[in-house]
Amino acid sequence: MIHKNLLLIMLLTIKKALSSILLIFTLSAFSEINNVSIIIHGGAGWSADMSQDDIDGIKKALEESANKGYEVMLKGGTSIDAVEEAIVILEDNPLFNAGKGAVYTSEFKQELDASIMDGSNLNAGAAASVTNVKNPIRLARHIMENTNHVMFSSKGAERVAKEAGLEIVYPSYFYSKEKLERAKKKQKESKMGTVGVVALDAYGNIAAGTSTGGMTNKKPGRIGDSPIIGAGTWAENNVCGVSGTGHGEYFIRLGVAKEICALMKYQNLSVEQAAQTVIDKLRDMGADGGVIALDSNGNPAMIFNTAGMARAYKNSDDSTYVEIYIDK
Ligand code: ASP
């Protein structure tokens, strides 16, 4: 009996040692792969007359978001983890039109949308028209991973969030004097401030996510492209990941995010060529917008047909590119 126990302990010790060796190998492999990349947008259509404070605030938040997502992946986290955590940073920042900074509907309330997609298995989750969920991207991920469905809306989505123990807030959490005034003036502002992230992790998995308050003065119940898989968000391993921002109705009609990946997959276009082709089509239809995308090697595309699109990109070069307007 004693011998048996001794043998068992010895076997367990060997097993533990082997898994430690495996972990060390895996970690050192990560540091050599060097292809962890993350790309972020903070909405297209920012006007050219923004205050320097706002410009600085937006750039700082984008950098913080990119660094956060990147760090998550360097520590062995997946691209889905990176997308979620990078988006939460922007959802919590009132400068963006997502989470805390969501814009108002024509009835002066906020209705938030978000989606996320895992390119490794084409699994996806989305939440639309939620009014009390602090971080809709967390709800989208929960829907993807813990339900048999892809999309929930309004009260049903809020119930799922509550049951999952996600943070529920009073609608007053989203209050913004300035954004409310804009809605009251019936101002159809340029589409700006939606947020999106695409990440490629050390395992080669691409993920994408998008979160928004939609468009100022949208009719209650209106849902744009951001929570629609294939329109505002798409991720497919070995092809690409995309998140869009702009006039959602057109993004839905063109199936923008999936169309970009389809051009790459079936016509061998580069990520830049594919994104440019689709954004040109949008412009021909009279719609404003932009996209961020990564190919399976982490090459970026940041294409927009507006004066600016808040954007950031970070890869293993370690420097973070952050810009709002057209590169000089
Ligand atoms: N695409 C979003 C929507 O239509 C708005 C935006 O990106 O600014 O809801």
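The values are calculated or read from the model by the stated rules, or taken from the named source; none is laboratory data. These numbers come from a predicted model, not from an experiment. With ideal geometry, Cβ positions are generated from the backbone for all residues, glycine too; neighbour counts draw on all protein chains shown.
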Residue list for the stretch 217-235, filter: surrounded by 24 or more Cβ atoms within 10 Å (Cβ to Cβ) and touching an Asp or Glu at 6+ places or on another chain (Cβ under 7 Å): GLY224, SER226, PRO227, ALA231, GLY232, ALA235
What residue, among those in the stretch 183-200 that are surrounded by fewer than 17 Cβ atoms within 10 Å (Cβ to Cβ) and either within 14 Å of the ligand (Cβ to nearest atom) or modelled with pLDDT of 85 or more (or both), is nearest to the chain's Cα centre (by Cα)? LYS188
Can you name the residue in the stretch 35-55 that is among the polar types (S, T, N, Q) and either more than 18 Å from PHE304 (Cβ to Cβ) or at pLDDT 95 or above (or both) and, of all such residues, is farthest from the ligand (Cβ to nearest atom)? ASN35
If ASN268 satisfies all but one of (1) more than 14 Å from the ligand (Cβ to nearest atom); (2) at pLDDT below 95, what's the number of the condition it fails? (2)
Reported set for the stretch 205-252 where residues are near the ligand (Cβ under 8 Å from one of its atoms), of a type in the set (A, V, I, L, M, F, W, C) and either free of Cβ contacts under 8 Å to residues at least 60 places away in the same chain or assigned to a helix (DSSP H, G or I) (or both) is PHE251
Residue pairs meeting the criteria (Cβ under 9 Å; at least 6 apart or on separate chains; first touching a residue at least 40 places away in the same chain (Cβ under 8 Å), in the stretch 171-183; second of a type outside the set (S, T, N, Q) and surrounded by fewer than 10 Cβ atoms within 10 Å (Cβ to Cβ)): none
Output the number of residues of the stretch 80-116 satisfying the condition of being of a type in the set (S, T, N, Q), touching a helix residue (DSSP H, G or I) at 6+ places or on another chain (Cβ under 7 Å) and surrounded by 24 or more Cβ atoms within 10 Å (Cβ to Cβ). 2
Lone qualifier among ILE326, ILE303, ILE279, ILE292 - being modelled with pLDDT under 95 and β-branched (Val, Ile, Thr): ILE326
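For every residue, the table says whether it meets (1) over 25 Å from SER172 (Cβ atoms); (2) modelled with pLDDT under 95; (3) within 16 Å of the chain's Cα centre (by Cα); (4) not hydrophobic (A, V, I, L, M, F, W, C).
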position	(1), (2), (3), (4)
GLY57	no, no, no, yes
LYS60	yes, no, no, yes
LYS68	yes, no, yes, yes
SER79	yes, no, yes, yes
VAL83	yes, no, yes, no
ILE89	no, no, yes, no
ASN93	no, no, yes, yes
ALA98	no, no, yes, no
Residue in the stretch 216-233 that is nearest to GLU259 (Cα to Cα), counting only those that are of a type in the set (S, T, N, Q) and modelled with pLDDT of 95 or more: THR233
